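Student: Pasting in a structure now, in structure tokens, and then I'll have a few things to ask.
The values are calculated or read from the model by the stated rules, or taken from the named source; none is laboratory data. Worth saying up front: this structure is predicted, and the values here are computed from it rather than measured. Counting neighbours? That spans all protein chains shown, and the Cβs are built from the backbone with ideal geometry, glycine included. Surface accessibility is based on the protein's heavy atoms, side chains included, excluding ligands, DNA and RNA. Shrake-Rupley method; radii C 1.70, N 1.55, O 1.52, S 1.80 Å.
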Amino acid sequence: MKRITLMLILASLAMVTVGCGGAGAGGTPQETLANIAAAFRAGDSAAMLGCYKTNEEGKRAMEAMVPVAKVMIAFSEKMEAAYGEKAGKVFGGSGPRNMAENLSKAEIKIDGDTATAKVSGERKLMNLVKENGVWLVIDEDLAKMSKEKVDAMLKQVVPMRAALESVMGEIGKDGVTQEDIMQKMEEAMEEAMK
């Protein structure tokens, strides 16, 4: 059950962790993708929304998820530093760290005022549209999220962030294994979701 809950949270995060970073929407799709990577690392929800085309529920989801993405990136980097490369892939191929690292290598195809970007490790293409001279990211799944779905997601991401933050200080300590960290994280998440 714990693993299923974690996978559902990660799936929700993968759906909404596409947006735009510090400099806002870019003048090229490549600039927008670079800004996305910066936003992941900074955990800057407001900057993401500056170049993301979505509805109010999509905005609400992104505002909650982007700071979680930042914590997930820090967690996976710390796991890799302490326990090796495999441990750094704790969130799989479509986690925010992998997304941020792979955005600069995306295969981009531009057709007039629309573009697609194939990001390594992601199943779906990212869609972009040029409006007022800048390229905005569009995610139909995010735009279709209902208030109820966003509310349910929010009930999961807050405990996930708290669980990750609560165990990060234990990573790499003498006698603490990768398995210990994952067990502590699951327990902390379970406790936070009560």
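Student: What residue among Val119, Ala25, Phe91 has its Cα farthest toward the positive end of the dipole of the chain, where the charges are +1 on Lys, Arg and -1 on Asp, Glu, each on the Cβ?
Tutor: Val119
Student: Further question on the same structure: Over the chain, average the accessible area per residue using a 1.4 Å probe and give it in Å², no decimals.
Tutor: Heavy-atom accessible area per residue stands at 49 Å².
Student: Given 0.36 nm per residue, what is the gain on full extension from Gln183 to Arg123 after removing their alpha carbon distance, in nm?
Tutor: Difference between extended and current length: 18.7 nm.
Student: Rank these by accessible area, largest first, 1.4 Å probe: Asp180, Asp111, Asp174, Asp139.
Tutor: Asp174, Asp111, Asp180, Asp139
Student: Provide the three semi-axes, in whole Å and in decreasing order, of the ellipsoid equivalent to the range 89-194 as defined by the square roots of 5 times the Cα gyration tensor eigenvalues. Each step should come with its number before you reach the end.
Tutor: Numbers: eigenvalues 243, 76, 19 Å².
Over the Cα atoms of the range 89-194, the ellipsoid semi-axes are 35, 20, 10 Å.
Student: Compute the long axis of helix 29-42 from its Cα atoms, compare it with the longest principal axis of the Cα atoms of the chain, and write down the angle in degrees, 0 to 90, nearest 10.
Tutor: 30 degrees
Student: Just list whichever of Lys86/Lys109; Lys89/Lys155; Lys105/Lys194; Lys109/Lys149; Lys59/Lys184 have alpha carbons separated by over 29 Å in the model shown.
Tutor: Lys86/Lys109; Lys105/Lys194; Lys109/Lys149; Lys59/Lys184, as the Cα separations exceed 29 Å there.
Student: On to the next question. Over the Cα atoms of the chain, compute the convex hull volume and normalise it per residue, giving Å³. Spell out each step's value before the answer.
Tutor: Numbers: hull volume 20.5 nm³, N = 194.
It comes to 106 Å³ per residue, whole-number rounded.
Student: Using a cut-off of under 20 Å, list every residue of the range 46-60 whose amide N is near the label point 7 Å from the Cα of Met193 along the Cα-to-beta-carbon line.
Tutor: Of the residues in the range 46-60, none has backbone N under 20 Å from the label point off Met193.
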